[in-house]
Amino acid sequence: MPASADRSWLQDYLDYLRFERRLSARTLDAYRRDIGGYLDWCEQQQCPAWEPVAQQQIRRFSAERHRSGISGTSLARQLSALRGIFRFLLRERRVPGNPAEGMRAPRSGRRLPATLDVDQVGRLMEIRESSPLDQRDLAALELFYSSGLRLSELAMLDVAQVQTSDGLLEITGKGAKTRRVPIGSKALAAIDAWLRVRPQLAREGETALFVSQRGSRLSRRAIEQRVALQARQQGMPRHVHPHMLRHSFASHLLESSGDLRAVQELLGHADISTTQVYTHLDFQHLAQVYDKSHPRARKRRR
């Protein structure tokens, strides 16, 4: 099969994900990179990409990627992408089987997400509201921590979405799935203050909640830069990024409530195993308390 046909089948799969599964542009780009990497490898090895393909070929691809330093997490994502496209091609009767089915990547240690403690969050929010930009940044930071939003979710917010009487925000997250999350009182106050000065920056007819100095919707990259800038100005001892506030939201909520299902719902996780990483963070906190407090855990002083 010519290489052009290989790429054509990839495009068919991406069209299916876009129009039928309604996946986001960023997710589609990830699939394109992961499957494209496999196609590049097949061309280098001069072996067929789709048929006939034995499981041994997929295993060899995975092993070579692993030896080159690719992490177990990245390999698992690539194998998942290959399982998906082979499943699609099998359904379309273009291949006789799915050689990636049942393949598993080597395990790698699970990194716990970086979080801020409650005092650090409070310090971050001590922004002097001396300009509309500072008021905008404070509203964004408060909303990240108040509602556990993803960066893309906050960037796509419109003014109309936050002007609700019930204090709830309807979010469209990954896979075009919607969920409702509460907005805390401090976040509401910061948003109200920002909305009063927003007309000084926003272009006429702009619907975005957060706008740049040019008056258009604030990009994800610009939000990341402003979060890092405000953290530096507040003297934070570490690099702060938007997802750190989402992690902190989840960790602090779970630590206080212990309700894993509620945290899963608020974060918009499809699988509770994704949320369970925060139980490890909570356990670390409990272990530290134990080590400091339990008579049999404390080191005996001489």
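The values are calculated or read from the model by the stated rules, or taken from the named source; none is laboratory data. It should be emphasised that the depicted structure is a prediction, and the values quoted were computed from it without experimental measurement. Methodologically, a virtual Cβ is constructed for each residue, glycine included, from the backbone with ideal geometry; neighbour enumeration extends over all protein chains shown.
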When you look at GLY175, is it more than 22 Å from HIS252 (Cβ to Cβ) and not in a helix (DSSP H, G or I), yes or no? no
Taking the range 16-41, which residues are of a type in the set (A, V, I, L, M, F, W, C) and under 13 Å from GLN78 (Cβ atoms)? ALA30, ILE35, LEU39, TRP41
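Is it true that GLY122 is assigned by TED's automatic domain parsing to the domain that holds ALA140, free of Cβ contacts under 8 Å to residues at least 40 places away in the same chain and loosely packed, with under 14 Cβ neighbours inside 10 Å?
Yes: the conditions hold for GLY122.
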Hand me the list of helices (runs of 4 or more DSSP H) wholly inside the range 223-298 holding 2 or more residues that are at pLDDT 80 or above, among the hydrophobic types (A, V, I, L, M, F, W, C) and under 13 Å from ALA114 (Cα atoms). 242-257
Being surrounded by 13 or more Cβ atoms within 10 Å (Cβ to Cβ), within 16 Å of ARG150 (Cα to Cα) and more than 20 Å from the chain's Cα centre (by Cα): is that true of LEU209 here? yes
Residues in the range 178-204 that are closer than 29 Å to ALA250 by Cα and either of a type in the set (A, V, I, L, M) or in a helix (DSSP H, G or I) (or both): how many? 13
Scan the range 135-152 for residues that are of a type in the set (D, E, K, R) and free of Cβ contacts under 8 Å to residues at least 60 places away in the same chain and jot them down. GLU142
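Quick check, is ARG221 under 17 Å from the mean Cα position of the chain (by Cα), in the same structural domain as SER152 (by TED's automatic domain parsing) and closer than 17 Å to LEU141 by Cβ?
yes
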